[in-house]
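Asker: Handing you this structure, nothing more for now.
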Amino acid sequence: ERGRPDEAVAQYEAALAIEREIGSQRDEAITLCNFADLLGGQGHTDRARATFTAALALLRELGDRDTEAITLQQLGEFELGQGLVDEALQTMRTALELTRVIGNRRTQGHALRSLGGALLERGEYDDARSAFEQALAIARAGSNRRIEANCLAGLGDLAYRQGRHGDAQALLGEAEATLRALDDRPLLADLLCTRGLVDFMRADRAAAQAA
């Protein structure tokens, strides 16, 4: 039986209490970040933002720049989910710059992939494509196949929005093959919905041209 949302909140609060009692500040910061994700997913937006802010303050106090960059990326994703595209872009760009300063290529790839998604929603297609392609190159160099699939899906979505349905179909097909190899079923389900729409639009265009 799956736990109820209020039980999950109580468990995070209990974990935070223990970490504060024993003085494990880095663990506390990571728990705060994950807790913020949970709260955001439950629709507790104000509390989620406050929790992200607390996590970032603690990470900066500790000088943990790697985890700070990851947390900024998660905050940007949260803001994008709330429709705050301008805020998300600013947060994601801050995260990306931090990954470049500290030289963490893997985290940089994640940040670029997130930034690409935000730019896509903003309609800044050239910049979105650049971000996705940079992230894809990093993912392939580091054999990070899940991020590779995410970037291919992002490029496929971009191609679809630009009316390049053949390119979209090819990119999404490559992403699908990767996700099937990874057996990542949640991401695969999302991808198949997008690919089905692309296939429909392509068939509809072909029918219109034949008429």
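Asker: With a Förster radius of 45 Å, plug the Cβ-Cβ distance of Ile18 and Arg106 into 1/(1 + (r/R0)^6) and report the FRET value to the nearest 0.05.
Answerer: 0.90
Asker: Ordered by packing density, taken as the mean number of other Cβ atoms within 10 Å over each peptide's residues, highest first, how do 177-185, 88-96 rank?
Answerer: Descending mean neighbour count gives 88-96, 177-185.
Asker: Please work out how much length the chain gains when fully extended from Glu174 to Asp6, using 0.36 nm per residue of separation minus the C-alpha to C-alpha distance, in nm with one decimal. Don't skip to the answer; put the middle values down first.
Answerer: Details: separation 168, 0.36 × 168 = 60.48 nm, distance 3.95 nm.
In short, 56.5 nm is gained.
Asker: When the Karplus curve 6.51 cos²θ - 1.76 cosθ + 1.60 is applied with θ = phi - 60°, which whole-Hz ³J(HN,Hα) does each residue of segment 134-147 get, with x for Gly and Pro?
Answerer: Along segment 134-147, the couplings run 5, 5, 5, 4, 5, 4, 5, 5, x, 6, 9, 6, 5, 5 Hz.
Asker: Run the helix sum for the chain: -39,500 (n - 2.57) per DSSP H stretch of 4+ residues, divided by residue count, reported at 222 nm to the nearest 500 deg cm²/dmol.
Answerer: -29500 deg cm²/dmol
Asker: Once label points are set 7 Å from the Cα along Cα→Cβ at both Arg164 and Asp199, what is their separation, rounded to one decimal in nm?
Answerer: Output for this residue pair reads 2.2 nm.
Asker: Hey, another quick one. Taking the structure as given and computing semi-axes √(5λ) of the Cα gyration tensor in Å, which label from (1) 27, 23, 20; (2) 26, 19, 14; (3) 35, 20, 16 fits?
Answerer: For semi-axes √(5λ) of the Cα gyration tensor in Å, the calculated option is (3).
Asker: Can you give me the accessible area per residue for segment 71-194, using a 1.4 Å probe, in Å²? Before the final figure, lay out each step's value.
Answerer: Details: 5660 Å² over 124 residues.
It amounts to 46 Å² per residue over segment 71-194.
Asker: Let me ask something additional. Once phi is turned into ³J(HN,Hα) by the Karplus curve 6.51 cos²θ - 1.76 cosθ + 1.60 with θ = phi - 60°, what whole-Hz value does each residue of segment 12-25 show in order, with x for glycine and proline?
Answerer: Whole-Hz 3J(HN,Hα) from phi for segment 12-25: 5, 4, 5, 5, 5, 4, 5, 4, 6, 5, 8, x, 8, 5.
Asker: Something else now. Using a 1.4 Å probe over the heavy atoms of the protein chains, calculate the carbon and sulfur portion of the accessible area of segment 50-156 as a whole percent.
Answerer: Carbon and sulfur together cover 44 percent of it.
Asker: Residue by residue through segment 150-167, what is 3J(HN,Hα) from phi via Karplus (6.51 cos²θ - 1.76 cosθ + 1.60, θ = phi - 60°)? Round to whole Hz and write x for glycine and proline.
Answerer: 4, 5, 4, 5, x, 5, x, 4, 4, 4, 4, 5, 8, x, 8, 5, x, 4
The values are calculated or read from the model by the stated rules, or taken from the named source; none is laboratory data. Because the structure is predicted, anything quoted here is derived from the model rather than measured. All Cβ positions, glycine included, derive from the backbone under ideal geometry; neighbour counts span all protein chains shown. The accessibility values were calculated without ligands, DNA or RNA, using every heavy atom of the protein model including side chains. Shrake-Rupley method; radii C 1.70, N 1.55, O 1.52, S 1.80 Å.
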